[in-house]
Amino acid sequence: MAVSASLRALLNQAIDYAGMFPPCALPLEPALRNQAGYVRSSEAWMLNGFVLPVGQFNAATKFISQFDPSHPLRVAALGPKSANVEGFLDALKDASAAVRSYSQSNHDLVSISHLEMFLPDDVDSVSLKAARAIVGELTIFWEAPPERAEQTIALIAGHNSDEDTAPFGYKLRTGGVAADAFPTSLQIARALVTAAKHRLPIKFTAGLHHPIRQFRDEVKTKMHGFLNVLGAAVLAGEHQWDADHAVTMLDDEDPRSFSFTDDFFAWRDWKIDTEHLQSRRKFVKSFGSCSFDEPRDDLRSLGFL
C-alpha cells in the first residue's frame, strides 16, 4: 500500500527518536544501534533527530562509525536544565559551544537539527536577546510547563518579531510515565492556538507513542495521539480555530475521524490540502518518542501505512 501524500506531509521528519529516555530508557549504545537501523529503513522519511543530551556527545563519538555520509546521525541536542536565568545563560554558552564543536569534528557523519532547553521562570525578553547572541543561527526550542505555555509563546514570539535571525520555537511536554505528567487537552489546545496565532514553531515531547488518543493501562490515563496533536496544530493554523475547537479534535478517539488522501488530510469535515499542509509543517515541527517502532506499528494496524 502506497503512503498517501498527505500522511507523508504530516509525518515527514516528525519523530525525534528518544530511545534513551523513559519509559524505554535504553543505554546509549543500543539506542544508537537502533537509530542506525532506522535511518536505513523504508520509513526513515518519518525520522527527524536522535535526542542526545549535550553531555553525552563525547560518549556517542565511539559509535558514530555505524553511520555514513548517506545515512548520517541527525541529532536533536538536549541542553541541561537550569533553575534561574544566570545558570541558564552559562549552561547555554557551554551547550552552544559543544554543538558547534561536535558538528565541526564529525561534519560528514553528524548534523545537529536543533537544540532544546528548558526556560526558567525568570527568563525575559532581555535574556532571550542574550541567548540569541550566544547561539547565533542555531535553531532552538525552549521548553516551559503547559501552565506557562501561552505566556512563554507570547514572550518568544515578541523576541522573534524583533530579530532577523532564525526564529526561536516552543517545546511542549505532552506526557510522561505517570498520569500526572499528561497535560489536559485544553492546555495543549491553548498552546497550539497561541503558537498558530503567532506563527511560532512548536514541537512536542513525551507521551505521543500512539496515533490516536486512547486509555493506556501503563500510565493509568488517556495518552494523547500524535495524529490528534499534529493534526490539530495544522488545522488550527489553517482555519483559525479557537481552543475549544482544538480540544474537540484532541479528545477524538475514533480513527475513522481521520482520513488521508494524496490531495488532502481531513479530520471529520475539516480539511487541509497537501500543499498547505506542507507549508503549515514549517510551524509544527516534530515530537519526541522513546519508540520509533510503536508509532509505525500502530499506523500499520490502522491501515494508514
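Using the Stokes-Einstein relation with a Kirkwood hydrodynamic radius computed over Cα pairs, the translational diffusion coefficient of the stretch 159-305 at 25 °C and a viscosity of 0.890 mPa s comes to 157 µm²/s. For the pair the stretch 204-219 / the stretch 119-186, the C-alpha centres are spaced 23 Å from each other.
T61 exposes around 60 Å² of accessible area when a 1.4 Å probe is run over every protein chain in place. Close amide-amide hydrogen proximity is noted between R74 and F50, S111, each under 5 Å apart and 5 or more residues distant or on a separate chain (H modeled in the peptide plane; Pro and chain starts excluded).
Taken about its Cα centre, the chain carries a charge dipole of roughly 400 debye when the Cβ of each Lys and Arg holds +1 and the Cβ of each Asp and Glu holds -1. Label positions at H107 and D269, each projected 7 Å from the Cα along the C-beta direction, are separated by 5.6 nm. Charges on Cβ only, +1 for Lys and Arg, -1 for Asp and Glu, centred on the Cα centroid of the chain; of L250, P27, H198, which one is farthest towards the dipole's positive end? Of the candidates, P27 comes out farthest on the positive side.
The residue among A95, P72, G288 whose Cα reaches farthest toward the positive pole of the charge dipole of the chain, with charges on the beta-carbon of Lys, Arg, Asp and Glu, is P72.
Between the beta carbons of T165 and N12, assuming R0 = 25 Å, the FRET efficiency works out to 0.55 to the nearest 0.05. The per residue volume of the convex hull around the alpha-carbon atoms of the stretch 80-157 is 91 Å³. Counting only heavy atoms of the protein chains and using a 1.4 Å probe, D254 has close to 50 Å² of accessible surface.
Across the stretch 149-305, the relative contact order, built from alpha-carbon pairs under 8 Å that are at least six residues apart, equals 23 percent. The slack between K220 and L186, meaning 0.36 nm per residue of separation minus the straight C-alpha distance, is 10.3 nm.
Bridgeable lysines around K171 (alpha carbons under 19 Å apart, same-chain partners fewer than 8 residues away excluded): K81, K129, K197, K203, K282, K285. Rounded to whole Å, the principal axis extents of the Cα atoms in the chain read 48, 42, 38, largest first. Modelled label positions at N84 and S279, each set 7 Å beyond Cα in the direction of Cβ, lie 4.6 nm from each other. Summing +1 for each Lys or Arg and -1 for each Asp or Glu among the other residues whose beta-carbon sits under 13 angstrom from that of E238 gives +4. Straight-line reach only, C-alpha to C-alpha below 12 angstrom: list the aspartates and glutamates that K271 could link to, leaving out same-chain residues fewer than 8 apart. Partners found: E238, D263. Considering only R213, R148, R132, the Gaussian network model of the chain with Cα springs below 10 Å gives its largest mean-square fluctuation to R148. Can you give me the % of accessible surface on the stretch 151-203 that is carbon or sulfur? Probe 1.4 Å, all protein chains present, nothing else counted. With neighbouring chains kept in place, the figure for the stretch 151-203 is 49 percent.
The values are calculated or read from the model by the stated rules, or taken from the named source; none is laboratory data. It should be emphasised that the depicted structure is a prediction, and the values quoted were computed from it without experimental measurement. Every residue, glycine among them, receives a Cβ derived from its backbone with ideal geometry; neighbour counts consider all protein chains shown. Please note that ligands, DNA and RNA were not included when accessible areas were found on the heavy atoms of the full protein model with its side chains. Shrake-Rupley method; radii C 1.70, N 1.55, O 1.52, S 1.80 Å.
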